Amino acid sequence: MHEHSSCCSTRKAANKPACSSVARPVIQKITTVSAAGTPDACCQDSSCSSGDTADDEGELPGDGQRFSWQISGMDCPSCARKIEAAVQRLEGIDHARVLFATEKLVVSAQRDIRQQVEQAVTQAGFRLKSSQGTTPNASFWQENRTIILVSLLMLASWLLSSVDATSGRLAFIATTLAGIWPVGRKALQLIRSGTPFAIETLMTIAAIGALFIGASAEAAMVLLLFLLGERLEAFAAGRARRGVTALMALKPDEAVRLRGEQRETVAVDALRPGDIIEVAAGARLPADARLLDAFASFDESALTGESVPVERQQGEKVAAGCTSVDRQVKMEVVSRSGESAIDRILHLIEEAEERRAPIERFLDRFSRYYTPAIIALALLVMLIPPLLLAAEWQPWIYKGLTLLLIGCPCALVISTPAAITSGLAAATRRGALIKGGAALESLGSVRTIAFDKTGTLTQGKPRVTEVVALNHADETRMLLHAAAVESGSSHPLAQAIVAHAATLNAPLPAAEGQRALAGSGVEAWVNGRHVLISAPGSVSQLDAAQQAQIAELESAGKTVVVVLEDQQPIGLIALRDTLRPDARDAIDQLKSLDVHSVMLTGDNPRAAAAIADELGISYRASLLPADKVQAVSELNQQQPVAMVGDGINDAPAMKAATIGIAMGSGTDVALETADAALTHNHLSGLAAMIRLSRATHANIRQNIAIALGLKGIFLITTLLGITGLWLAVLADSGATALVTANALRLLQKK
């Protein structure tokens, strides 16, 4: 019964205004949020209406100001690391991080360092977006002109060499110089910004070295293949980000606001809670809003993955980005600017990138030592045979240059983030939000899932099934007094009692001094009498017959509350929650994955047993929040555990579990505490998330095998003199392309 008594005093956590979110989904060039969170420092946009402390960028280390920029020109996650390295070297920077999925740079600093950061990013070869809006998309020619030019020069050089070898050699040198200019310039920028061992540096050294030893045709081919590989990598990265950019585009830029009989078109950022808006048939909602019409159907597939339109009744809330299917509707805005469902998901996606998977962090550290080691090995290959064994210089210099290209760690470094980015995007498209690579990795290891009952396994909308008067009390009067005590509570059981009393068509008496009693119930004064609604286990005044009645009701899977007036029992109210339609199927799917399920509930053991038996799972009942934490901790000692819940009282247990999963309809506290969320509210998404996590693990292993396997093969063949420079580029660019393509398969994972 604790679930009733403890939650009667709680309310859903109010959404805090997030000032720096106002620019979503199109974030402008620069925003700043002071550590103090004062209104003046907080708001860079007139549409920000609150000075509440809000850090849209996540919890960055340091106590200084937060700044953020949009960045373009990133082809892969390794580009994000290069920008971080360039910015982190600046004096006064506490922390810098690049969110690759949303192309955003977030910096924490002790002072205004905007100019220095912008210079550092530009010097590293990347572009900041205009402060007046987003940078227009580059044309096909702008994106591919270097590749087209080098390809044409390569073709001309080949044709010329077939006519005259000397002229052909000069043409290949000219082609190499044309191709090396953008690559070498980028390498110089990266060296200055603190990334000396980038692939651009290795390519430049290899191409120049090839020219010096007379391998001009191979030098030109190396650069062409490299440029093609980079372009393919950028295309694949764009595919992986497409789910996020599509989400950012879900909200329209403008909305139709009603002021009396007048209609006015306003920017979405100008909408405030309480505004009345009009949404045409086929149009998307600009903000979270409550339906004012009697009913309407909405396509929610973009957010939930549910393909069938959902019919909403008057007063129900509909998320931003959903589409009105068949009619024009009037709605009342309920979300502030930057705080709609889409904005929250984007914010969580950004936060997720900080929570990188352990294997990804390991590979990043590994690559810092791997690349210098490869350069040292290449130098040894160039120098030792000629100096110690009197071998010819040219063949061994050629082999050393080839090793430089083979040793590039690009494919290895991208093997994990490419798979994780694809996995997270695939989950988001199917209505499951996973907060980062660490959470995605943990999901695959889960062997037990602990469920809250009310609102998780059940629909959280119980209804009154029996009302029993005790000690000759008047049944109607008893029910009205109980409803008066429960009025105003957000707990499902309380709302069910109030709703049932409303069917009597009688006015509720006034209740005074309403107070929740932790662990037992709720009390108030009604018409001068003390009325207490409590769990049966906390009532000592019940006789044997009354206890038998309660036992009979509870054995049928019902939750029973006792109504006492002036310390004497006057009635019993029995309520029954119904299972979610997909609960049984979800449990069966988890069993097929060898995942054990257990229900942790504050409800009475008999009601819990009825639900557990229906689902075929084990249970623990009559648990306080602290008991749930203890139960999860005990299970966690045996094997990795996921905790699924929706209420404030579930948040501690979620935190104690290996991974916490929140229902999308849950409280803000539960959603913020959780490592993952089922935005579509379907329990079947649990098995899908675990399958996706395991598939991502397998994909990462495959990618690492591809990256290291190709390098190993070409390393041996190079030392044996079988392969040369252009095949070495295939070992790098080809492996990167294969790894990225393999990761993109996760987007199609069912």
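Just so it is clear, none of the values below were taken in a lab; they were calculated from the coordinates. Everything numeric here is computed off the predicted structure, so don't read it as measured data. Reconstructed Cβ throughout: ideal geometry from the backbone, glycine too, with neighbour counts over all protein chains shown.
Structure values in brief
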read-out	value
Spin-label zone in segment 187-218 - amide nitrogen under 13 Å from a point set 7 Å from the Cα of Trp393 along the C-beta vector	212-214
Spin-label model distance (nm) - Gln568 vs Ala705, 7 Å beyond Cα toward Cβ	7.8
Loop trypsin sites (Lys or Arg not before Pro), segment 465-550 (other Cβ atoms within 10 Å of the site Cβ: 13 or fewer; DSSP)	none
Sorted by Cβ neighbour density within 10 Å, fewest at the top, the residues Leu177, Leu380	Leu380, Leu177
q = 0.13, 0.21 Å⁻¹, segment 254-338: log10 I(q)/I(0) [Debye, one scatterer per Cα]	-0.35, -0.92
FRET efficiency for Asp326 and Asp582, using Cβ-Cβ distance with R0 set to 25 Å, rounded to 0.05	0.45
Per-pair calculated FRET efficiency, R0 = 56 Å: Ala165 and Lys461 via Cβ, rounded to 0.05	0.10
Length released on extending from Ile148 to Arg290, taking residue separation times 0.36 nm less the Cα-Cα span	45.8 nm
Relative contact order [Cα under 8 Å, 6+ residues apart], segment 463-576, whole percent	32
Per-residue Cβ neighbour rank within 10 angstrom, fewest leading, Ile276, Ile434	Ile276, Ile434
Simple label model, 7 Å out from Cα along Cβ direction - Gln630 to Arg447, nm	2.5
Per-pair calculated FRET efficiency, R0 = 41 Å: Trp525 and Leu258 via Cβ, rounded to 0.05	0.45
